[in-house]
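Let me begin by handing over the structure; questions about it come next.
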Amino acid sequence: MTLPPNVHDAEPIPAAAKDAIDALMKSGDLFRYTAPQDAPVALLEAEFAELLGSKYALAVSSCSAALFLSLKALGLPRDARVLIPGFTFAAVPSSIVHADCIPVLCEVGQNYRIDIADFEAKLDTVQAVIISHMRGHTSDMDAIMELCDARGIPVIEDAAHSLGTTWHGRNIGTIGKVGCFSFQSYKMINAGEGGILITDDADLVARAVIMSGAYEHNWKKHKGPHGDNSPELEEAFAKWQNKLPLYNLRMNNLSAVVIRPQIPELARRVRDGLANHDYVANRLNTSPHIDVPAPLAPEQRAPDSIQFNLVDMDDADIRAFSAAAEGRGVKVQVFGQSEDNARAFWNWQFLPEQVELPNTRSMLMSACDVRLPVRLTRQELDVIADILLASVAEVTGPVPVYGT
Ligand SMILES: *Cc1c(COP(=O)(O)O)cnc(C)c1O
């Protein structure tokens with residue numbers, strides 16, 4: 001039998017990064033604002049904006065930093081309320097707290113997406129929203145944009161785990177006013193750490209650029225689309241000069257040279273990730289005790305992991321399933337069942353306002369998370385699917401056969 005694959009190793013960084021790293025080692029030119037032009041971070045920003053089809057990009061130290069700067073760049077006052085889904089990573093509400101705002105949580109359904117009725121019910125109490133596409137599951141952006149546009153509420157997309165996902169063919173991250181992405185190692189492009197925000201709004205990006213640490217006149221090294229000078233951008237920079245705090249959340253050139261050669265790999269990673277995910281999903285859905293929620297119709301996903309719900313199994317069964325799979329070599333994280341899980345809202349005890357979300361809680365108690373790195377082969381995927389199916393069968397017993 002083939003051994004279960006190692007799902008924790010990353011894919012190698014393309015060899016092309018080596019020459020650029022060597023050049024940086026020789027020159028020592030690691031700071032993004034030393035070179036008069038074409039620093040690796042600036043080139044990355046231009047390439048990323050073009051890839052996604054947005055006017056401006058700002059590379060920073062993490063997606064969390066991008067979310068924080070987005071809130072600051074929106075000019076939200078202290079104690080502004082910001083709506084987020086109750087299923088996300090702890091760093092998302094943390095970025096809101098960091099921006100002196102108050103996270104407001106809404107319910108998430110069994111399909112891991114925002115419960116639009118609860119979202120709408122809470123929308124009139126908030127000044128901004130962050131749509132966290134958790135694990136790359138896209139919430140109904142048509143409904144969300146219609147509700148928010150009608151009220152003039154700005155939408156920030158937390159697309160940390162959605163690079164390559166589309167909605168009606170449009171890139172996720174370009175639908176709201178700002179989109180934020182992550183280059184942390186578990187995301188589609190891996191630089192260890194790093195983040196980037198994209199927007200078409202010159203005033204917003206100018207504020208974010210300055211606050212990210214473009215002190216004095218370093219903002220002059222930020223250009224408009226296609227590296228052109230942009231009069232609206234220059235006007236915005238002039239307006240905000242010396243008016244904003246500097247939080248110093250810049251990206252350094254070393255991260256950018258690790259990221260840039262991965263951009264041409266993205267299409268392959270997205271294609272393989274989706275094919276792998278759908279293959280395993282089809283196999284798991286053959287079990288009456290496993291439900292892999294379907295994507296929404298306008299959504300084309302870019303997964304590097306799979307989430308599924310256990311059906312008709314109590315907490316003891318769920319824990320027995322998880323232990324059985326782990327015993328066979330496949331780690332299953334059940335979001336709500338592991339101690340101190342950073343994706344379970346009841347562990348966010350730093351929130352200024354605690355809230356109970358019964359539907360989200362019940363989803364988290366039976367939702368499983370298994371890593372599926374895009375480099376896995378069919379054979380390795382079969383090993384994982386076999387182990388998951390055998391572990392469910394071990395706990396639930398054989399499927400009854402009727403009519404014989
Ligand atoms: C990874 C992740 C983040 C945090 O990204 P960092 O770059 O590590 O700050 C935020 N939101 C989601 C949905 C993520 O997957």
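Nothing in this text is a laboratory measurement; each read-out follows from the coordinates by a stated rule. A quick note: this is a predicted structure, and the numbers were derived from the prediction, not measured. Ideal geometry is used to build each Cβ from the backbone, glycine not excepted, and the neighbour counts take in all protein chains shown.
Within segment 365-382, how many residues are buried (at least 20 other Cβ atoms within 10 Å of the Cβ) and either out of contact with any Asp or Glu (no Cβ under 9 Å at 6 or more places or on another chain) or closer than 14 Å to H277 by Cα (or both)? Show your work before the answer.
Taking segment 365-382 as the starting set, the residues that turn out to be buried (at least 20 other Cβ atoms within 10 Å of the Cβ) are 366-368, 370, 372-374, 376.
Next, only the ones that are either out of contact with any Asp or Glu (no Cβ under 9 Å at 6 or more places or on another chain) or closer than 14 Å to H277 by Cα (or both) stay: 367-368, 370, 372-374, 376.
Total meeting the criteria: 7.
Which of the residues that make up segment 182-204 are within 15 Å of the ligand (Cβ to nearest atom) and either in contact with a helix residue (DSSP H, G or I) (Cβ under 6 Å, 6 or more places away or on another chain) or acidic (D, E) (or both)?
S182, F183, M188, I189, A191, E193, G194, G195, I196, L197, I198
Also: Enumerate the helices (runs of 4 or more DSSP H) found wholly within segment 237-335, keeping only those where 1 or more residues are more than 27 Å from the chain's Cα centre (by Cα). It would help to see each step written out before you state the result.
Details: elements: 253-259, 266-284, 315-328.
Result: 315-328.
Please go through segment 75-91 and pick out each residue that is within 14 Å of the ligand (Cβ to nearest atom) and either of a type outside the set (V, I, T) or free of Cβ contacts under 8 Å to residues at least 12 places away in the same chain (or both).
P85, G86, F87, F89, A90, A91
State all residues of segment 164-178 that are touching a helix residue (DSSP H, G or I) at 6+ places or on another chain (Cβ under 7 Å) and within 14 Å of the ligand (Cβ to nearest atom); if no residue qualifies, say none.
Answer for segment 164-178, where residues must be touching a helix residue (DSSP H, G or I) at 6+ places or on another chain (Cβ under 7 Å) and within 14 Å of the ligand (Cβ to nearest atom): G164, T165, G173, V178.
Please work out which residue is farthest from the ligand (Cβ to nearest atom), limiting yourself to segment 55-74 and to residues that are of a type in the set (G, A, S), part of a helix (DSSP H, G or I) and under 16 Å from the mean Cα position of the chain (by Cα). Quick ask: steps written out before the conclusion?
Restricting attention to segment 55-74, the residues satisfying the condition of being of a type in the set (G, A, S) are 57, 59, 61-62, 64-66, 70, 73.
From the residues that got through so far, the ones that are part of a helix (DSSP H, G or I) too are 64-66, 70, 73.
Applying the additional criterion that residues be under 16 Å from the mean Cα position of the chain (by Cα) yields 64-66, 70.
Working: S64: 3, A65: 7, A66: 8, S70: 12 Å.
Taking the candidates together, the pick is S70.
If you don't mind, there's one more thing I want to ask. Could you grab me the full set of residues in segment 142-160 that are touching a helix residue (DSSP H, G or I) at 6+ places or on another chain (Cβ under 6 Å), free of Cβ contacts under 8 Å to residues at least 60 places away in the same chain and within 30 Å of G273 (Cβ to Cβ)?
Within segment 142-160, A143, V155 qualify.
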